[in-house]
Amino acid sequence: MMSTYYAGLFADVGILLLGALSVYIILATGQLSLGNAGFMGIGAYLASYLTVELHWPVTAALLVSAVAAAAIGIVVGFPALRLKGIYLAMATLGFGEMVRSFFLVFEPMGGSGGYRGMPHITLGYIWLWAGGILLLVLVLERSRLWLEMRAVHDDETAAGLVGLNTTAVKIGAFGFGAAVAAICGGLFAHHYVYIEPSNFGFERSIDFVLAVILGGSTVGAGAVIGALLLVLLPEWLRFLVDWRLAAFGGLLILVLLTRRQGILDRTLIARLTFQRRPA
Amino acid sequence: MLLQQLVNGLTLGAVYTLIALSFSLVMGILSILNLAIGELFMLGGYLGFALIAAHLPLPIALVGGMLGAAVMGIVIEKVAYQPLRDAPLITPMLSTLGFSIILQNVVTNVWGSDPLQLPSELFDTRIPLGPINVGVMQLVVIGVAVVLVAAVAFLIQKTSAGRALRAVAENRDVARLLGVSAGRVTMLAFAISGALAGAAGVLISLHYAAITPYIGVDTGLKAIAVMIIGGTTRVWGALLAGPLIGIAEVLTIAYGGSQARDLVVYGLMILILLLRPQGLLGGSRSDVGQRV
């Protein structure tokens, strides 16, 4: 029997894993999103509204929020096509902050006071979603579509010249990532049964990116390692009391300096599974 | 009343301008977002605070805050940026985030997490100007910001160090071929950027007469919005956008409630990105950022 303490931590890992995957999908097309907490917030608030006010079952509420967030992701993605690299990242940052400040003034859902009353979900339910979507991403990684996404990542102009619809690939990735982030938010809301706008700020978005980069940004499984590390490391550093965060920051820099491609990459996976290295 | 608010907004905007410039110096030359700038701003504020509390004159406190933040900026450049120079853009951005976490933790442990207050007798002098009251400190904040922006503009446009900065921003490899030491230029950019953030920190602690370790996150993000609204490629963009955002924020608090202030700031930022992605005064370079 797992203690409540670890059950809580693993729920956090599952939720963070979904957030990290939402960034990973968008990053696979060469776009960095620093605003996925915004999509998470949209999912959290919409799913909570559906379960609390309209008494929908949680699963249906999650699915509808995912579709709604995907639609918003696509709408946001279109103007974002004009921006590239760090400018796109800053635009998404602005989007995320705007969503957070919108819910801060949105009195029907509690405004700055937060919103409560959601039915509680179990750890197993969270991991059913987290595991399912992880599997979906791992399958996607073996598809032709993924090759197209990586092609856009590596060289957008060349990908366009060989006849790929780069616009559809980039927008589609944004929509898919937004949907995953919304599910992450819906699960977060029904796990903590209380949400407030500050749950969905810049620090959350950066946590997602951090999990992807620390775990390994070239393989989907890296997000699992990253999410585990980001949740468990601060717990393991508890013995440092007041200096815990400084140690965490130091370790973060150290990992980035020693393994800039992230902890997990294809070479490491091949070695761990005793495969021959691909030529 | 409206005039009074305008003066308050102008003071806040002066601080935003300095931090936005601090971001755009590093951004313009290296296209990376230094996420520790918010914390350098906070650190500068605490250093200035400590010097004022030790009864040292204001100019010394200002220089102290600037120096401390500039040195920290150089440390960040050496540890977090230089080794990761050829990594994808996200990696150095996250290592600067590591520094931001460390700085916030250290300052909290040294000075405590409760807000520190400056003795109020320093700040009670107000000059009545017709219908409004201008605090002496507000004039100091605006004055110092204007002087610093002018100094940075002079440095970038007129000095040989500034030419080297612009050359590296334009094309790092060609600049190196022509004998510019790109490493030293990068260090200079981080140092000036740190000094500006530190100065802004000292000024905001004078403006509010109080400071907390968490002031950097919020203000830093808003300064990024100011940088985008003004345009990242020109110094003058921040000079226009800073006061604009400061005034918009203060007016929103006065007439629309304090909860709506962020919505207005980031709404303006998104609007600018949609209508004029290069920013109000930006050139044409803004949408050709490097790939991540």
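Quick notes on this one:
- Here B:Val134 meets each of (1) surrounded by 12 or more Cβ atoms within 10 Å (Cβ to Cβ); (2) assigned to a helix (DSSP H, G or I) with one exception, condition (2).
- One residue stands out in region A:182-209 among those that are within 12 Å of another protein chain (Cβ to nearest Cβ) and crowded, with 24+ Cβ neighbours inside 10 Å: the one that is nearest to A:Met109 (Cα to Cα), namely A:Pro197.
- Scan of region B:48-87 for residues that are of a type outside the set (D, E, K, R) and in a loop (DSSP other than H, G, I, E, B), ordered by number: B:Ala54, B:His55, B:Leu56, B:Pro57, B:Ala87
- Complete set of residues in region B:80-93 that are more than 7 Å from every other protein chain (Cβ to nearest Cβ) and out of contact with any Leu (no Cβ under 6 Å at 6 or more places or on another chain): B:Tyr81, B:Gln82, B:Arg85, B:Asp86, B:Pro88
- Some residue of region A:30-42 being touching a residue at least 40 places away in the same chain (Cβ under 8 Å), closer than 22 Å to A:Val64 by Cβ and more than 13 Å from the chain's Cα centre (by Cα): yes
- Some residue of region A:217-236 being at the interface with chain B (Cβ under 9 Å from one of its Cβ atoms), within 29 Å of A:Gly41 (Cα to Cα) and surrounded by fewer than 21 Cβ atoms within 10 Å (Cβ to Cβ): no
- Residues in region B:21-36 that are among the aliphatic types (A, V, I, L, M) and more than 13 Å from chain A (Cβ to nearest Cβ): B:Leu21, B:Leu25.
- Taken as a whole, region B:171-191 holds no residue that is within 30 Å of B:Val250 (Cα to Cα) and under 18 Å from the mean Cα position of the chain (by Cα).
- Residues considered: A:Leu214, A:Leu237, A:Leu229. Of these, the only one that is within 14 Å of the chain's Cα centre (by Cα), in a helix (DSSP H, G or I) and hydrophobic (A, V, I, L, M, F, W, C) is A:Leu214.
- Any hit, region A:53-65, residues being away from every other protein chain (no Cβ under 13 Å), at pLDDT below 95 and part of a helix (DSSP H, G or I): no
- Enumeration of residues in region B:256-269 that are more than 8 Å from chain A (Cβ to nearest Cβ) and modelled with pLDDT under 85: B:Gly256, B:Ser258
- Of all the numbered requirements in (1) buried (at least 24 other Cβ atoms within 10 Å of the Cβ); (2) aliphatic (A, V, I, L, M); (3) not in a helix (DSSP H, G or I), B:Ile32 misses one, and that requirement is (1).
- Taken together, A:Tyr24, A:Tyr45 contain a single residue that is within 14 Å of chain B (Cβ to nearest Cβ) and in contact (Cβ under 8 Å) with a residue 40 or more places away in the chain, which is A:Tyr24.
- Conditions (1) more than 7 Å from chain B (Cβ to nearest Cβ); (2) crowded, with 17+ Cβ neighbours inside 10 Å; (3) polar (S, T, N, Q): number failed by A:Ser101: (1)
The values are calculated or read from the model by the stated rules, or taken from the named source; none is laboratory data. These numbers come from a predicted model, not from an experiment. Note that each Cβ is placed from the backbone with ideal geometry, even for glycine, and that neighbours are counted across all protein chains shown.
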